[in-house]
Amino acid sequence: MQRSVFQNAVHASHMGFPVELEEMIFSVQDGMYTSINVPDNMNEGFSHFYAEVLRVKRVAEEVSRGKNLVIIFDELFKGTNVKDAYDATVAVTEAFADNSNCTYIVSTHIVEAGETLRDRTGHMQFLFFPTIMEKEVPRYIYKLQEGISADRHGMKIIMNEGIVNIIKGA
């Protein structure tokens with residue numbers, strides 16, 4: 001599993017190591033949980049979705065015990081249909097947001113979930129990485145901006161790569 005710069009910095013700083021960042025302010029927490037690329041569990045007969053549900057449940061149990069945690073969820077519930085993923089992302093994120101002991105980072109490409117959460121809560125910060133299209137080619141600058149992305153480049157990138165034409169034999 002590939003770890004983010006943020007995860008590495010938080011982990012290293014909790015162990016007393018220096019971190020290679022311009023600036024970082026944090027408080028020592030009781031632990032860190034992530035839900036990033038949770039795999040199927042073939043031995044237990046769990047699908048990707050169910051394995052992720054169990055992971056989120058474990059985090060919820062720890063939060064309910066009053067622990068101070070760093071929690072990172074990437075694309076919650078992507079192993080189910082879009083409607084359930086939207087509903088579950090909103091419900092779970094909203095419930096976690098009521099707990100101020102923890103620091104949460106939740107990423108999603110379900111823009112509508114972000115918009116709903118922004119409308120329902122006043123204590124969340126919304127950030128995104130913009131994509132800049134240069135002559136039909138995406139460039140990723142990896143600099144956070146405030147707000148919710150309005151980027152809609154997915155189909156453009158797919159068409160640029162000619163995937164549909166390849167399939168159709170054109």
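Let me have the 222 nm mean residue ellipticity of the chain computed from DSSP H runs of 4+ only, each contributing -39500 (n - 2.57), with the sum over all residues rounded to the nearest 500. Walk me through the numbers on the way to the answer.
Working: 6 runs with 66 residues, N = 170.
So the calculated ellipticity at 222 nm is -12000 deg cm²/dmol.
Given Cβ point charges of +1 (Lys, Arg) and -1 (Asp, Glu) and nothing else, what value in debye, to the nearest 20, does the dipole of the chain about its Cα centre take? Provide the component values of the computation, followed by the final result.
Numbers: 16 positive and 23 negative charges, 50 e Å.
Roughly 240 debye for the chain.
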Exercise. Considering only protein heavy atoms, what is the solvent-accessible area of E61 at a probe of 1.4 Å, reported in Å² to the nearest 10?
Worked result: 80 Å²
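Quick test of the membrane-span-like rule: which DSSP H helices of the chain reach at least 20 Å along their long axis (C-alpha atoms) with mean Kyte hydropathy at least -1.0?
On the way: long enough: 48-64 (24 Å, -0.10); 82-97 (22 Å, 0.46).
Long hydrophobic helices here: 48-64, 82-97.
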For this session: Loop only per DSSP, at most 12 neighbouring Cβ atoms within 10 Å: give me the trypsin sites (Lys or Arg not before Pro) in region 25-110, ordered by residue number.
Result: R65
For this session: Loop only per DSSP, at most 11 neighbouring Cβ atoms within 10 Å: give me the GluC sites (Glu not before Pro) in region 79-163, ordered by residue number.
Result: E136, E161
Exercise. What percent antiparallel are the DSSP beta bridges of region 1-157, to the nearest 5?
Worked result: 40 percent
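Per residue, how many Å² of accessible area does the chain show with a 1.4 Å probe?
68 Å²
Taking only C-alpha pairs under 8 Å that are 6+ residues apart, what is the relative contact order of region 76-170 in percent? Write out the running numbers ahead of the final one.
Details: 81 pairs, mean separation 17.5, N = 95.
Relative contact order comes out at 18 percent.
Could you give the length gained on full extension between F26 and A150, defined as 0.36 nm per residue of separation minus the Cα-Cα distance, in nm? Could you put the intermediate results ahead of the total?
On the way: separation 124, 0.36 × 124 = 44.64 nm, distance 3.02 nm.
Taking F26 through A150 to full extension adds about 41.6 nm, to one decimal.
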Seminar exercise, completed: chymotrypsin sites (Phe, Trp or Tyr not before Pro) in region 91-139 lying in a DSSP loop, each with at most 16 other Cβ atoms within 10 Å of its Cβ, come to F126
For this session: Give, rounded to the nearest 20 debye, the magnitude of the charge dipole that region 38-88 has about its Cα centre when Lys and Arg contribute +1 at Cβ and Asp and Glu contribute -1 at Cβ.
Result: 200 debye
Exercise. Normalised by the number of residues in the chain, what is the relative contact order in percent for Cα pairs under 8 Å and 6+ residues apart?
Worked result: 14 percent
Seminar exercise, completed: Which residues qualify? For F73, with a placed amide H closer than 5 Å and at least 5 residues away or on another chain, they are S35, I105, V106, S107
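The values are calculated or read from the model by the stated rules, or taken from the named source; none is laboratory data. Just so we're clear, the structure is a prediction, and the values are computed from it rather than from any experiment. In this analysis, Cβ positions are derived from the backbone assuming ideal geometry, glycine residues included, and neighbour counts consider all displayed protein chains. Ligands, DNA and RNA are excluded from the accessible area calculation, which covers all protein heavy atoms including side chains. Shrake-Rupley method; radii C 1.70, N 1.55, O 1.52, S 1.80 Å.
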